[in-house]
Structures are given as C-alpha cells and as structure tokens.
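Note sheet for the following structure.
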Amino acid sequence: MATATVESLSHDGRGVARVDGKTTFIEGALPGERVRFRYFNQHRNYDCGGLVDLLEASPNRVAPPCPHFGRCGGCDLQHLRPEMQIQAKQQVLAGQLAHIGKVQPETWLEPVTGPALGYRRRARLGARFVPEQGGMVIGFRERRKSFLANLDTCLVLEPKIAALLPELRALVGGLSCANRVPQIEVASGDAASALVFRHLVPATERDRECLRDFGQRHNLQIYLQPHGPDSIVALWPEQPEELYYRLPEFDVQIRFRPTDFIQINHDINIKMIAQAIRLLELKGDEQVLDLFCGLGNFTLPLARRAGRVLGVEGDETLVAGARRNAQLNGITNAKFVTADLYQESGDTPWVGFRVDVLLLDPPRGGAMEAIKRLAQPLPSRIVYVSCYPATLARDSEYLVRVLGYRFAAAGVMDMFPQTSHVESMALFVKP
C-alpha cells in the first residue's frame with residue numbers, strides 16, 4: 001500500500017502520480033485526488049497500481065452509471081464527468097503531439113461531442129460457457145484479465161440490444177453448441193439491427209429454430225458465421241433488408257453488411273464528416289483523394305461537394321461495397337480502387353490523378369507509408385482523421401518537418417464516450 005497525489009490522466013485513462021520520484025499509473029484515480037493505492041506491478045522506470053481508498057476526491061468525480069463499471073473492460077472513464085472526459089482527451093492529444101511529434105497546432109478545434117450513453121452501434125460481445133458461473137457468460141473482457149464480464153446491461157450499447165443481454169445469455173446457453181459460440185457481433189443501422197453468431201461446430205435444426213424465434217420476437221436480423229467474416233449467412237429473415245445509415249446533409253445513404261467496418265457512433269460520424277469537408281474548403285471543382293476510404297463514409301459526401309473523388313482502400317470487400325453505394329446514391333464522380341496503403345514502394349494507385357486536397361482516415365497504424373508516396377505537386381490541404389494520437393503525432397512531424405506543411409488546426413471528437421479512446425482530426429495546409 002502507498003499514498004499519492006494524482007497529477008494527470010494517462011492516454012489510457014489511468015491517474016498519473018509521482019511516488020518517490022517514480023512515475024506511477026493508478027487505475028481508478030483522477031487528477032487532483034489524493035489516494036491510497038495497491039501496487040499491481042513495479043518496473044524499472046514506472047509502476048502500476050489500483051485505487052484502494054479516496055483520501056481527497058476530485059470535484060469532477062461522479063458515481064459511475066453502470067453497475068458493471070470497474071470490472072468490465074469496455075469503459076474506463078465513467079467515474080469522470082463527461083465534459084471533463086473530453087477535456088482530458090484534448091490534453092492527451094496535445095501531450096502526444098508535443099512529446100512524440102514535437103509539433104502543436106496553430107488553432108485548437110472545438111471538441112465534437114454527442115450523447116454520452118447508448119451510442120454504440122457496433123460491438124463484438126465475447127461468449128463463453130462457464131459452468132462454475134452458472135452457465136453462459138456474455139460480455140466484454142474484464143479489465144486487465146482474459147475473463148469475460150457477465151453483463152446484464154451495457155449503457156454505451158444501443159439500448160434495444162443492451163436490454164436483451166440477459167435473454168441473449170439464456171438463448172445461447174440453451175443451444176446444443178453453447179460451448180462453441182465464442183462471439184456475437186452486433187450491428188445496427190438506422191432502421192434495423194443484426195446479430196451475427198460465430199459458431200465453431202454446425203448448428204442443429206433446433207438451434208436454428210431457437211435463433212429464428214429470438215429474431216422474430218425482437219425484430220432482429222439473425223446471421224450465422226461458421227468461419228471467417230465472408231462466411232456469414234442470413235438465418236432470419238432469409239432475405240433481410242440491408243442495413244444502412246443516412247448522412248442527410250449530403251443526401252447519402254451508406255449500406256453495409258453486419259460484419260463491415262462502420263463508425264460506431266452515428267451522431268459523431270455525422271458531425272465529423274461535416275467538419276472534415278468544411279476544413280477542406282472545397283469550391284466544387286477539386287480532385288480529392290480519400291485514403292483508407294472503407295465503404296465511402298467520407299468519399300461519397302465529398303463527391304457531393306467536389307469535382308472528382310478517388311477512394312483507396314485495402315479491403316476488396318469494402319471497395320466493392322463502396323462502388324455499390326456510389327451506384328445506389330447516383331454518384332458518378334467517385335471512383336474506388338483496392339491497394340495496400342502500407343507499402344512505401346510499388347505502384348501508386350493514384351498515379352495520373354491530380355490530388356488537389358487529401359483526406360486520410362487510417363487505422364491505429366497511421367498513414368506514414370501512404371504519406372511518403374505523395375508526389376509533387378503536394379495537395380494544398382490535408383485533413384487527417386485519427387483513432388490513435390501517437391501515430392497522428394508521428395505522421396504530423398513528417399508532414400511539418402519534411403513536407404513543409406503548416407499544422408493549422410487539431411481537435412478531439414468524442415467517438416467513444418466513457419472510454420479513454422481518443423479520436424481526433426487535424427488540418428495541414430501547404431503554404
């Protein structure tokens with residue numbers, strides 16, 4: 001046991017303190033608090049521990065709304081006021097940019113915020129048959145453990161799905177293959193929701209009847225997935241309506257399969273797209289390159305405001321979906337190609353396409369390899385949407401120090417409220 005005064009929050013939501021001159025990360029502690037904590041493990045350069053007692057509480061501490069908070073690893077900031085969560089994320093972003101990239105933006109964008117609960121349209125729930133816990137366990141992983149937290153509810157999940165968790169647990173526990181169903185994927189659109197059951201052995205006809213009945217009673221699409229994501233097959237209804245979400249400002253509808261990647265927070269996604277297009281300052285005749293374009297989440301709205309748009313994505317299935325979305329929306333000035341954007345050399349898929357402005361929306365690994373393949377003349381403006389501040393900081397340094405861009409603006413977007421995940425957007429302008 002030891003005591004400490006917490007100075008700040010780390011990038012993963014832990015309190016940061018100095019104990020005997022050593023950096024110590026304390027789970028459950030907030031800036032400004034004096035706490036008693038227990039060490040989990042100690043290292044040469046830092047230590048880790050967990051909160052035991054609050055000696056002096058922060059005025060920004062609140063009672064976590066979820067009964068599973070502290071055990072379930074899905075959320076780690078429910079004990080901090082939502083308005084302070086976004087401030088903490090802005091500080092994390094600023095710290096990563098300064099320490100890793102040695103850069104800072106000329107202007108900070110106003111944080112993009114939305115509902116703090118009930119926002120999650122996609123999730124992958126783990127499932128495990130554990131007799132000593134009474135049977136089926138369904139939920140997210142416990143914090144710092146490989147076990148699953150057995151959830152009766154989930155306040156960040158779409159409410160309709162969250163309310164069904166106890167019945168879902170009973171459903172899977174009653175299947176013949178209950179101990180061979182490792183996960184259930186949740187996907188919701190504007191008009192319908194789907195559950196995808198991964199099963200490692202064939203489902204019996206009785207299993208199928210139980211799943212069909214569950215789907216009928218709760219107006220849910222039910223899919224089976226015997227192998228990889230491409231193996232999913234609709235069980236109920238046999239010909240389900242396609243899932244979709246609308247982007248009303250741009251008169252765009254994005255259709256997607258239950259296993260396709262989409263942004264999980266629809267409210268933030270709408271605001272994020274609008275902000276990105278505003279920062280690009282399109283006049284209507286530009287040629288726009290959209291890298292890591294997915295199903296066309298940015299590409300198709302961009303096509304409504306620009307002359308031509310080229311979307312590039314590494315997943316051929318997503319590219320096929322993007323092409324279909326363009327066709328369904330009557331968009332003819334957007335083209336999509338498949339390419340590995342993590343190679344620094346080789347054929348560049350946008351050769352011959354004049355890039356006036358660029359949008360980047362890479363995974364956690366960042367976009368360094370793609371940025372290094374940019375050719376002269378460089379795009380006049382770059383909007384970089386990031387899901388990981390460390391790689392944004394690294395790539396920002398290259399854009400500023402090597403390619404000579406002004407780091408014009410940056411800000412956070414609360415895509416994952418109640419968690420320490422930091423989503424951000426940055427603008428780079430060629431002088």
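The values are calculated or read from the model by the stated rules, or taken from the named source; none is laboratory data. What you see is a predicted model; the values in this text were computed from it and never measured. Ideal geometry is used to build each Cβ from the backbone, glycine not excepted, and the neighbour counts take in all protein chains shown.
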Open item on the list: Yes or no: the stretch 273-288 includes at least one residue that is modelled with pLDDT of 95 or more, touching a helix residue (DSSP H, G or I) at 6+ places or on another chain (Cβ under 9 Å) and assigned to a loop (DSSP other than H, G, I, E, B).
Closed with: yes
TODO: For residue 76, state whether it is modelled with pLDDT of 95 or more and outside any helix (DSSP H, G or I).
DONE: no
Open item on the list: Just the residues that are out of contact with any helix residue (DSSP H, G or I) (no Cβ under 7 Å at 6 or more places or on another chain), over 18 Å from residue 364 (Cα atoms) and buried (at least 20 other Cβ atoms within 10 Å of the Cβ), please, taken from the stretch 402-428.
Closed with: 418
TODO: Starting from the stretch 307-325, keep only residues that are within 17 Å of residue 369 (Cα to Cα), then list their pairs with residues that are surrounded by fewer than 17 Cβ atoms within 10 Å (Cβ to Cβ) whose Cβ atoms are within a distance under 6 Å, requiring at least 6 positions of separation or different chains.
DONE: 312/337; 314/340
- [ ] Within the stretch 137-186, track down each residue that is buried (at least 19 other Cβ atoms within 10 Å of the Cβ), of a type in the set (D, E, K, R) and in a loop (DSSP other than H, G, I, E, B).
- [x] 158
Open item on the list: Any residue that is over 18 Å from residue 259 (Cβ atoms), in contact with a Lys or Arg (Cβ under 7 Å, 6 or more places away or on another chain) and either assigned to a loop (DSSP other than H, G, I, E, B) or β-branched (Val, Ile, Thr) (or both) - is there at least one of those in the stretch 321-341?
Closed with: yes
Task: Among the residues listed as 406, 401, the single one being among the basic types (Lys, Arg) and under 17 Å from residue 108 (Cα atoms) - done: 406
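Could we say that residue 49 is in contact with a Phe, Trp or Tyr (Cβ under 6 Å, 6 or more places away or on another chain), in contact (Cβ under 8 Å) with a residue 40 or more places away in the chain and not assigned by TED's automatic domain parsing to the domain that holds residue 9 here?
On the way: in contact with a Phe, Trp or Tyr (Cβ under 6 Å, 6 or more places away or on another chain): yes; in contact (Cβ under 8 Å) with a residue 40 or more places away in the chain: yes; not assigned by TED's automatic domain parsing to the domain that holds residue 9: no.
Against the criterion (in contact with a Phe, Trp or Tyr (Cβ under 6 Å, 6 or more places away or on another chain), in contact (Cβ under 8 Å) with a residue 40 or more places away in the chain and not assigned by TED's automatic domain parsing to the domain that holds residue 9), residue 49 does not qualify.
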Open item on the list: Return the residues of the stretch 372-431 that are of a type outside the set (S, T, N, Q), free of Cβ contacts under 8 Å to residues at least 40 places away in the same chain and in a loop (DSSP other than H, G, I, E, B); say none if nothing qualifies.
Closed with: 373, 374, 375, 377, 387, 388, 403, 404, 405, 421, 431
Task: Output for the stretch 154-198, where each listed residue is polar (S, T, N, Q) and touching a residue at least 60 places away in the same chain (Cβ under 8 Å) - done: 188
Open item on the list: Condition first: more than 24 Å from residue 262 (Cα to Cα) and either touching a helix residue (DSSP H, G or I) at 6+ places or on another chain (Cβ under 8 Å) or not in a helix (DSSP H, G or I) (or both). Can you find one or more residues in the stretch 304-317 that meet it?
Closed with: yes
Open item on the list: So the check is Cβ under 7 Å with 6+ separation or different chains; which pairs have a first residue in the stretch 221-241 that's in contact (Cβ under 8 Å) with a residue 40 or more places away in the chain and a second one that's assigned to a strand (DSSP E or B)?
Closed with: 225/196; 225/197; 225/198; 240/221; 240/234
Open item on the list: Name the residue that is nearest to the chain's Cα centre (by Cα), counting only residues in the stretch 234-263 that are within 27 Å of residue 364 (Cβ to Cβ) and polar (S, T, N, Q).
Closed with: 263
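Could you list all residues from the stretch 24-60 that are under 25 Å from the mean Cα position of the chain (by Cα) and not in a loop (DSSP other than H, G, I, E, B)? Outline the logic, then answer.
Here is the first cut: in the stretch 24-60, the residues under 25 Å from the mean Cα position of the chain (by Cα) are 25-30.
Listed by number, the residues that qualify are 25, 26, 27.
Which one of these is in contact with an Asp or Glu (Cβ under 6 Å, 6 or more places away or on another chain), among the aliphatic types (A, V, I, L, M) and within 28 Å of residue 75 (Cβ to Cβ): 412, 385, 357, 422? Give the derivation first.
Working: 412 fails: in contact with an Asp or Glu (Cβ under 6 Å, 6 or more places away or on another chain); 357 fails: within 28 Å of residue 75 (Cβ to Cβ); 422 fails: in contact with an Asp or Glu (Cβ under 6 Å, 6 or more places away or on another chain).
Unique residue meeting the criteria: 385.
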Open item on the list: Here's a check for you: in the stretch 14-31, which residue that is farther than 19 Å from residue 63 by Cβ and of a type in the set (Gly, Ala, Ser) is surrounded by the most Cβ atoms within 10 Å (Cβ to Cβ)?
Closed with: 17
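How many of the residues in the stretch 12-46 are among the β-branched types (Val, Ile, Thr) and farther than 18 Å from residue 1 by Cβ? Spell out how you get there, then give the answer.
Just the residues of the stretch 12-46 that are among the β-branched types (Val, Ile, Thr), to begin with: 16, 19, 23-24, 26, 35.
From what is left, the residues that are farther than 18 Å from residue 1 by Cβ are 16, 23.
Looking only at that region, the number is 2.
From 207, 230, grab the single residue that is more than 18 Å from residue 333 (Cα to Cα) and at pLDDT below 95.
Details: 207 fails: at pLDDT below 95.
Only one candidate passes the filter, namely 230.
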TODO: Evaluate the following for residue 97: is it crowded, with 16+ Cβ neighbours inside 10 Å, assigned by TED's automatic domain parsing to the domain that holds residue 410 and modelled with pLDDT of 95 or more?
DONE: yes
Open item on the list: Looking at the structure I just gave you, is residue 396 touching a Ser or Thr at 6+ places or on another chain (Cβ under 6 Å), assigned by TED's automatic domain parsing to the domain that holds residue 279 and buried (at least 18 other Cβ atoms within 10 Å of the Cβ)?
Closed with: no
